[in-house]
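J.: Provided herewith is a single structure, encoded as structure tokens, for subsequent inquiry.
The values are calculated or read from the model by the stated rules, or taken from the named source; none is laboratory data. Predicted model, so just to flag it, every value in this text is computed and none were measured. With ideal geometry, Cβ positions are generated from the backbone for all residues, glycine too; neighbour counts draw on all protein chains shown.
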There are 2 protein chains.
Amino acid sequence: MKHGKPRITHQREVILEELKSVRTHPSADELYDQVRQRLPRISLATVYRNLEFLTDQGLVQKIEVGGRQKRFDGNPEEHYHIRCLDCGKVDDVDLDRIQSLDKSISRTCGYKVIGHRLEFMGICPECSK
Amino acid sequence: MKHGKPRITHQREVILEELKSVRTHPSADELYDQVRQRLPRISLATVYRNLEFLTDQGLVQKIEVGGRQKRFDGNPEEHYHIRCLDCGKVDDVDLDRIQSLDKSISRTCGYKVIGHRLEFMGICPECSK
DNA sequence: TTATTTGCAAAAACTTTGCTGATAA
DNA sequence: TTATCAGCAAAGTTTTTGCAAATAA
């Protein structure tokens with residue numbers, strides 16, 4: 001974005017590995033806690049900067065679901081999520097991306113449609129009990 | 001939520017009127033600027049508190065699209081939005097709510113599905129020029 | 001060597017909260 | 001009258017940034 005050739009730093013590798021190792025969709029500070037178990041002296045700013053970097057590189061994705069904090073997903077493929085309205089957990093949803101939506105909206109709204117984001121909301125099995 | 005019988009204050013009325021009067025989807029501070037033209041001594045905290053109140057009452061809705069700030073919509077009916085990736089503007093999208101999605105997800109993911117949110121992303125006509 | 005990255009601290013951006021006086025009913 | 005609400009200021013939460021030291025290549 002603003003710099004020259006990116007470097008592969010240890011922090012960067014560990015952040016990517018840890019994010020890819022979980023199926024949850026952690027916020028930056030949750031991932032920070034996780035990464036600190038391997039790199040106790042890492043800073044939260046480094047986690048934020050690298051999550052931004054990895055997102056720009058297309059290696060992970062930033063997901064902006066409801067709630068206050070942004071979350072990150074080790075799977076860069078576009079897919080949909082469901083969020084528990086009780087505990088806030090975010091899971092993946094098994095539904096093919098609906099390509100036809102973008103085309104149908106392009107025809108009606110005057111925007112150049114680039115993509116869409118679909119998020120389901122519900123109560124997870126644990127919270128349902 | 002925590003109080004007894006709500007009152008109809010002047011601030012509350014003006015905030016609701018102003019939000020209903022625009023088709024944009026202002027953030028709290030944008031609406032604050034707008035409302036201040038009629039109530040110069042209102043505080044941003046009052047705007048935040050009343051937007052929360054009006055949302056709880058189902059008179060408006062809080063929309064949590066991409067970007068940093070939450071936005072508010074004077075139309076409480078569920079509908080979809082499209083956001084310009086260039087200027088950040090949010091418009092309504094003319095597409096019926098896809099009820100079938102919730103049912104199909106209920107069958108596959110174990111969640112009790114309550115609803116969904118669909119947001120399109122694109123470039124608005126002005127930014128396309 | 002040297003340009004990029006880190007850690008730290010400070011700032012920024014956005015939102016919520018405590019308190020006292022004002023006000024709707 | 002009185003419980004709710006507003007305004008103000010302060011604090012809380014999340015994210016970003018400036019800078020000097022560390023480091024990948």
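J.: Exactly one of these conditions fails for A:Lys70: (1) in the same structural domain as A:His25 (by TED's automatic domain parsing); (2) in contact with a His (Cβ under 7 Å, 6 or more places away or on another chain); (3) at pLDDT 90 or above. Give me its number.
T.: Failed condition: (2).
J.: Moving on. Counting only residues that are farther than 15 Å from B:Ser43 by Cα, out of contact with any Phe, Trp or Tyr (no Cβ under 7 Å at 6 or more places or on another chain) and not small (Gly, Ala, Ser), how many does segment B:17-32 have? Reasoning before the result, please.
T.: From segment B:17-32, those farther than 15 Å from B:Ser43 by Cα are B:17-26; that's our starting set.
Retained after the next criterion (residues that are out of contact with any Phe, Trp or Tyr (no Cβ under 7 Å at 6 or more places or on another chain)): B:17-18, B:20-24.
In the following step, the residues that additionally are not small (Gly, Ala, Ser) were identified as B:17-18, B:20, B:22-24.
Number of matching residues: 6.
J.: Go through segment B:103-129 and count every residue that is charged (D, E, K, R) and not in a helix (DSSP H, G or I). Can you show your working first?
T.: The first filter runs over segment B:103-129 and keeps only residues charged (D, E, K, R), leaving B:103, B:107, B:112, B:117, B:119, B:126, B:129.
Filter once more, keeping what is not in a helix (DSSP H, G or I): B:112, B:117, B:119, B:129.
Number of matching residues: 4.
J.: Then there is this: Quick check on segment B:52-71. Is at least one of its residues among the hydrophobic types (A, V, I, L, M, F, W, C) and near DNA strand C (Cβ under 10 Å from one of its atoms)? Don't jump to the end; show me each part of the working.
T.: Of the residues in segment B:52-71, the ones among the hydrophobic types (A, V, I, L, M, F, W, C) are B:53-54, B:59-60, B:63, B:65.
Retained after the next criterion (residues that are near DNA strand C (Cβ under 10 Å from one of its atoms)): none.
No, every residue in segment B:52-71 fails to be among the hydrophobic types (A, V, I, L, M, F, W, C) and near DNA strand C (Cβ under 10 Å from one of its atoms).
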